[in-house]
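The numbers here are math on the coordinates, done by the rules we state, and not lab data. Owing to the predicted nature of the structure, the values given are computational and were not obtained by experimental measurement. FYI the Cβ positions are ideal-geometry reconstructions off the backbone, even for glycines, and counts take in every protein chain you see.
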Amino acid sequence: MFDYGCGHGDDLSELQAHGITASGWDPNWRPEGEKTEGDLVNFGYVINVIEDLEVTSQYP
């Protein structure tokens, strides 16, 4: 599992504690994290901060 926008990595720690292979990257909190492929990719903390979809969608 790869968490794109993982913040401080709290979710990664929890997943790993339950035996799930997980890694993540975040531009502010974990820029050293390697961007890797994953069978499952989480964008939850990226999508939930889009304030106005119409304004955001104007940019390619």
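So how do 43-49, 20-26, 8-14 stack up, highest first, on mean other-Cβ count within 10 Å? Could you put the intermediate results ahead of the total?
Values: 43-49: 11.1, 20-26: 17.4, 8-14: 14.3.
For the peptides 43-49, 20-26, 8-14, the packing ranking is 20-26, 8-14, 43-49.
Per-residue extension of 0.36 nm, minus the Cα-Cα distance of residue 48 and residue 16, leaves a gain of 9.2 nm for this segment.
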